[in-house]
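Peer 1: Structure provided below as C-alpha cells; questions to follow.
FYI, it's all coordinate maths here, none of it is from the lab. Fair warning: this is a prediction, and the values are worked out from it, not measured in the lab. For neighbour counting, all protein chains shown are included, and Cβ atoms are generated from backbone atoms with ideal geometry for every residue, glycine included.
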Amino acid sequence: EDKVVQSPLSLVVHEGDTVTLNCSYEVTNFRSLLWYKQEKKAPTFLFMLTSSGIEKKSGRLSSILDKKELFSILNITATQTGDSAVYLCAVSQLTSGTYKYIFGTGTRLKVLA
Amino acid sequence: DTGVSQDPRHKITKRGQNVTFRCDPISEHNRLYWYRQTLGQGPEFLTYFQNEAQLEKSRLLSDRFSAERPKGSFSTLEIQRTEQGDSAMYLCASSFPTYEQYFGPGTRLTVT
C-alpha cells in the first residue's frame with residue numbers, strides 16, 4: 001500500500017531555532033514530492049522536488065530529496081512565530097496517465113516567542 | 001483574485017440532507033482534485049478530473065458521493081443522504097502545467 005509518513009508528528013521550538021522535518025515514502029510510480037504549509041486554512045505550496053540531491057531554497061526554508069532512500073527533509077532556519085503551522089508532505093504518482101497525490105498526516109510546528 | 005475558489009465556505013446540514021459544493025479552479029489548469037480532510041490528518045484523495053473527464057475516484061468514496069466537471073471548468077461535489085461521518089473540510093485543488101497543486105480555501109461541512 002502506498003504511504004507517506006512524516007515525523008515528528010509535532011514539534012515545539014523557540015524563535016531562532018532551526019528545525020528539520022522528515023518525510024519518508026513508499027509510493028509506486030513516483031513522480032515528485034511536494035511540501036505544503038497549512039495554517040488555519042487550505043495548504044499553500046512550498047516546494048516540489050523531482051530530482052535527488054538538488055536543494056530547493058526559499059528564504060529561510062530549504063528542502064532536499066533522496067530518491068534512493070525514499071525520503072525528503074524540510075529545513076527551517078531562524079524560526080519565527082509566523083512559521084507555526086502544519087507542514088504537509090505529499091507524493092505524486094503517475095499511473096495510467098493519471099496524477100494522484102498521497103499526503104502524510106503532517107508535522108505540527110509551534111514556534112514560541 | 002485568480003486563485004482556486006470554493007463555495008460555500010461553511011455548510012451546516014442535518015443528517016440525511018443532500019449538499020453540493022462548488023469549486024472554480026485556476027482558469028488555465030486542466031486538472032482538478034477533490035480531497036477530504038479531517039482534524040489532525042492530511043488531505044485524503046477523493047476524485048480527480050482532467051478537463052471534463054473524471055479519471056479516478058477513490059474506493060473510499062461511497063455511492064453517496066458524486067462529482068462533475070461539465071465543460072472542464074468548475075466542478076461540483078455532491079453528497080447525498082449526509083451522515084455525521086461526512087463532517088470534514090472538503091478541499092479542491094487544481095494544477096497545470098508543472099503539476100504542483102494549488103488549493104482553494106475549502107468548504108467546512110458539519111452534519112448534525
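Peer 1: Would you kindly identify the strands (runs of 3 or more DSSP E) lying entirely within the stretch B:43-112 that contain at least 2 residues that are among the polar types (S, T, N, Q) and within 26 Å of residue B:12 (Cβ to Cβ)? Step through it out loud before you land on a result.
Peer 2: Details: elements: B:44-50, B:53-57, B:65-68, B:75-79, B:88-95, B:107-111.
Those strands (runs of 3 or more DSSP E) span B:75-79, B:107-111.
Peer 1: I'd like to know if the stretch A:51-64 contains one or more residues that are of a type outside the set (Lys, Arg), within 14 Å of chain B (Cβ to nearest Cβ) and part of a strand (DSSP E or B).
Peer 2: yes
Peer 1: Please work out which residue is farthest from the other protein chains (Cβ to nearest Cβ), limiting yourself to the stretch A:23-40 and to residues that are in contact with a Phe, Trp or Tyr (Cβ under 9 Å, 6 or more places away or on another chain) and either closer than 14 Å to residue A:105 by Cα or part of a loop (DSSP other than H, G, I, E, B) (or both). If you could, list the steps in order and put the result at the bottom.
Peer 2: From the stretch A:23-40, those in contact with a Phe, Trp or Tyr (Cβ under 9 Å, 6 or more places away or on another chain) are A:23-25, A:31-38; that's our starting set.
Pick out the ones that are also either closer than 14 Å to residue A:105 by Cα or part of a loop (DSSP other than H, G, I, E, B) (or both) and you get A:23-25, A:34-38.
Details: A:23: 11, A:24: 14, A:25: 12, A:34: 6, A:35: 10, A:36: 8, A:37: 11, A:38: 9 Å.
Of everything passing the filter in the stretch A:23-40, A:24 is farthest from the other protein chains (Cβ to nearest Cβ).
Peer 1: Among the residues that make up the stretch B:5-16, is at least one of them closer than 22 Å to residue A:88 by Cα, polar (S, T, N, Q), surrounded by fewer than 15 Cβ atoms within 10 Å (Cβ to Cβ) and facing chain A (nearest Cβ under 9 Å)?
Peer 2: No, there is no match, as no residue in the stretch B:5-16 is closer than 22 Å to residue A:88 by Cα, polar (S, T, N, Q), surrounded by fewer than 15 Cβ atoms within 10 Å (Cβ to Cβ) and facing chain A (nearest Cβ under 9 Å).
Peer 1: Just the residues that are at the interface with chain A (Cβ under 7 Å from one of its Cβ atoms) and under 11 Å from the mean Cα position of the chain (by Cα), please, taken from the stretch B:82-104.
Peer 2: B:91, B:103, B:104
Peer 1: Residues that are exposed (fewer than 13 other Cβ atoms within 10 Å of the Cβ), of a type outside the set (Val, Ile, Thr) and more than 11 Å from chain B (Cβ to nearest Cβ): does the stretch A:71-80 have at least one?
Peer 2: yes
Peer 1: Kindly evaluate residue A:102 against the criterion of being of a type in the set (A, V, I, L, M), within 13 Å of the chain's Cα centre (by Cα) and more than 9 Å from chain B (Cβ to nearest Cβ). Give the derivation first.
Peer 2: Details: of a type in the set (A, V, I, L, M): yes; within 13 Å of the chain's Cα centre (by Cα): yes; more than 9 Å from chain B (Cβ to nearest Cβ): no.
No, not satisfied.
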